[in-house]
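Below is one structure; the comments refer to it alone.
The values are calculated or read from the model by the stated rules, or taken from the named source; none is laboratory data. Predicted, not measured: the structure shown is a model, and the values here were computed from it. Here the Cβ is made from the backbone with ideal geometry for all residues, glycine too, and neighbour counts use every protein chain on show. These area figures cover heavy atoms from the full protein model, side chains too; ligands, DNA and RNA do not enter into them. Shrake-Rupley method; radii C 1.70, N 1.55, O 1.52, S 1.80 Å.
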Amino acid sequence: FVSFVGFWGAIRENTFLLKSYAWILLFILFFKMWGAIFIAISSYRERTHSSNVSEFKNMFDHYGVVSGDTVLVDAVQTTFHCCGYDRPHSIEFGNATYPWSCCGFQNQICAKPTFTEGCAERIPEVMSPILFTITILYYTAVAIQVTMKVYLIDTALGVYKSRRSFNEINL
């Protein structure tokens, strides 16, 4: 329906239909934008507790056993300054020592971890502002795109009106 309004307005050179098309596009943009923001906020916590969480926890459970998981866990812990899945004791070695990535030292295990917060809590805390910024940038780009469409339609209407009035004067 919306495309038809724009198409018919362009074919018939009807300014009312073209402006209606532009306003409908703006309404749809804002409806989608606020809907997406609402869905993102309401489902964020639900998504963090999905199957990805269990896979993430399995990486910590396989620390020291599977070399790929060990490298990933060390990278996560050093990047996000956290230790263990939910607390440092969840990754503690049998002799009451912790991996080097919990201690902040390269290739040295320690008896007391430097990072005391678990990664399951720390990662959403760090990533939430970044994801929010990316979402805002995306919808700003969409808003600019729709605004440019409205501007181009308005410019085309102005050119058409000036040509029409010029043709009427010269005839």
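Output the residues belonging to segment 98-126 that are open to solvent by 60 Å² or more (accessible area, probe 1.4 Å) and either β-branched (Val, Ile, Thr) or more than 16 Å from Tyr63 (Cβ to Cβ) (or both). Once the filter is applied, which keeps residues that are open to solvent by 60 Å² or more (accessible area, probe 1.4 Å) and either β-branched (Val, Ile, Thr) or more than 16 Å from Tyr63 (Cβ to Cβ) (or both), segment 98-126 yields Phe105, Gln106, Gln108, Ile109, Ala111, Lys112, Thr114, Thr116, Glu121, Glu125.
For segment 132-143, how many residues are in contact with a helix residue (DSSP H, G or I) (Cβ under 8 Å, 6 or more places away or on another chain) and open to solvent by 80 Å² or more (accessible area, probe 1.4 Å)? Number of matching residues: 0.
Here's the yes/no breakdown for (1) open to solvent by less than 50 Å² (accessible area, probe 1.4 Å); (2) among the aliphatic types (A, V, I, L, M); (3) at pLDDT 80 or above; (4) more than 30 Å from Asp154 (Cβ to Cβ):
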| site | (1), (2), (3), (4) |
| --- | --- |
| Ser20 | yes, no, yes, no |
| Leu25 | yes, yes, yes, no |
| Ile28 | no, yes, yes, no |
| Ser43 | yes, no, no, yes |
| Val73 | yes, yes, yes, yes |
| Gln77 | yes, no, yes, yes |
| Gly84 | yes, no, yes, yes |
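Tally time: how many residues in segment 1-18 are β-branched (Val, Ile, Thr) and open to solvent by 40 Å² or more (accessible area, probe 1.4 Å)?
2
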